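Asker: Have a look at this one.
The values are calculated or read from the model by the stated rules, or taken from the named source; none is laboratory data. Keep in mind it's a predicted model, so treat the numbers as computed, not measured. Quick reminder, even Gly has a Cβ in these numbers, built from the backbone with ideal geometry, and neighbours come from all protein chains shown.
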Amino acid sequence: MQFLEHRAANAEALYILGDLFETWVGDDDDEPYRNRICRSLAALSSWGVPCYVMHGNRDFLFQSGFEQRTGARLIADPVVTELYGEQVLLTHGDALCIADRPYQRLRGIVRNPRWQRRFLRLPLSLRRGLADRARRGSQRHTQRTAYEIMDVDLPAVSEAMRACGVRTLIHGHTHRPAVHGFQLDGQDARRIVLGSWHQAGSCLEWGAQGFQLLALPRRGGPE
């Protein structure tokens, strides 16, 4: 919360590229911690800082109720935006992890609107229980799957950037913060990876003078 109330308050805009929460079982989720985050986002929006939120693999059920609670705007994945004159591709990143076939099969199921409508009709308590069980299963999958399989596929990254006509891609999902430089069709390109908020905070600050990928003390804030 302190990040939203202080550092983000000085931003021209805030982009959250998914995984704001560990789970989100519907816009009626009234868990106290999630409520505090939503209120902080609403306050930030009311102060005049536009907030843009992308679905992640943990919070893909954000819908219009989330926008109403937070004042944030849900954005497509992927999306191209202009940052100080540069066209930049933003994505959560999970769709680029094509070697992780079990995950991609699951993603195809839970992103299906029909599956989502059925899930959201379940009682809130049941949805929470199912989400907790799914999260534990995801953690087991992560522990036994090789790093290379769960990471983004570099040819897929290049293809996406080439199709969008950009030289910079920013994503989360893998949560291994770094700036990766490479050559794309003979030109310098870069892939910027955002970190998680488990052990410490992580954010990318982009201004007129360039960008910084920052690690922040964990004192509360979005996950």
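Asker: If residue 103 satisfies every condition in (1) within 19 Å of residue 22 (Cα to Cα); (2) modelled with pLDDT of 95 or more but one, which is the exception?
Answerer: Residue 103 satisfies all of (1) within 19 Å of residue 22 (Cα to Cα); (2) modelled with pLDDT of 95 or more except (2).
Asker: Consider the range 116-160. How many of its residues are among the aromatic types (Phe, Trp, Tyr) and farther than 17 Å from residue 23 by Cβ?
Answerer: At the first step, the residues of the range 116-160 found to be among the aromatic types (Phe, Trp, Tyr) are 119, 147.
Next, only the ones that are farther than 17 Å from residue 23 by Cβ stay: 147.
Of the residues in the range 116-160, 1 are among the aromatic types (Phe, Trp, Tyr) and farther than 17 Å from residue 23 by Cβ.
Asker: Let me ask something else about it. Does residue 118 meet the test of being assigned to a helix (DSSP H, G or I), more than 19 Å from the chain's Cα centre (by Cα), within 23 Å of residue 63 (Cβ to Cβ) and of a type outside the set (Val, Ile, Thr)? First the steps, then the outcome.
Answerer: Numbers: assigned to a helix (DSSP H, G or I): yes; more than 19 Å from the chain's Cα centre (by Cα): yes; within 23 Å of residue 63 (Cβ to Cβ): yes; of a type outside the set (Val, Ile, Thr): yes.
So residue 118 fits the description; yes.
Asker: Continuing with this model, one more query. Mind checking whether some residue in the range 96-109 is in contact (Cβ under 8 Å) with a residue 60 or more places away in the chain, over 26 Å from residue 42 (Cα atoms), in contact with a helix residue (DSSP H, G or I) (Cβ under 8 Å, 6 or more places away or on another chain) and not acidic (Asp, Glu)?
Answerer: yes
Asker: Find the residue count for the range 1-44, including only residues that are in contact with a Gly (Cβ under 6 Å, 6 or more places away or on another chain), farther than 12 Å from residue 62 by Cβ and small (Gly, Ala, Ser). Even if it seems obvious, please write down each step before you answer.
Answerer: Here is the first cut: in the range 1-44, the ones in contact with a Gly (Cβ under 6 Å, 6 or more places away or on another chain) are 1-3, 17-19, 27, 42.
With the extra rule that they be farther than 12 Å from residue 62 by Cβ, the set shrinks to 1-3, 17, 42.
Then drop every residue that is not small (Gly, Ala, Ser), which leaves 42.
Number satisfying all stated conditions: 1.
Asker: Being more than 29 Å from residue 2 (Cα to Cα) and either modelled with pLDDT under 95 or among the small types (Gly, Ala, Ser) (or both) is the filter here, so list the residues in the range 177-205 that pass it.
Answerer: Across the range 177-205, the qualifying residues are 181, 186, 189.
Asker: Then there is this: Given the residues 124, 154, which is the only one that is closer than 20 Å to residue 103 by Cα and in contact (Cβ under 8 Å) with a residue 24 or more places away in the chain? Show your work before the answer.
Answerer: Values: 124 fails: closer than 20 Å to residue 103 by Cα.
Result: 154 is the single residue among 124, 154 that is closer than 20 Å to residue 103 by Cα and in contact (Cβ under 8 Å) with a residue 24 or more places away in the chain.
Asker: Which of the residues spanning the range 185-202 are surrounded by 16 or more Cβ atoms within 10 Å (Cβ to Cβ) and in contact with a Leu (Cβ under 7 Å, 6 or more places away or on another chain)?
Answerer: Scanning the range 185-202 gives 191, 192, 194, 201, 202.
Asker: Of the residues 130, 90, 124, 120, which is at pLDDT 95 or above, surrounded by 13 or more Cβ atoms within 10 Å (Cβ to Cβ), among the hydrophobic types (A, V, I, L, M, F, W, C) and closer than 17 Å to residue 54 by Cα?
Answerer: None of the other options fit; the residue is 90.
Asker: Select, from 156, 146, the only residue that is modelled with pLDDT under 95, among the hydrophobic types (A, V, I, L, M, F, W, C), surrounded by fewer than 19 Cβ atoms within 10 Å (Cβ to Cβ) and over 18 Å from the mean Cα position of the chain (by Cα).
Answerer: The conditions single out 146.
Asker: What residue, among those in the range 44-86 that are among the charged types (D, E, K, R), in contact with a helix residue (DSSP H, G or I) (Cβ under 8 Å, 6 or more places away or on another chain) and not in a helix (DSSP H, G or I), is farthest from residue 3 (Cα to Cα)?
Answerer: The qualifying residue farthest from residue 3 (Cα to Cα) is 77.
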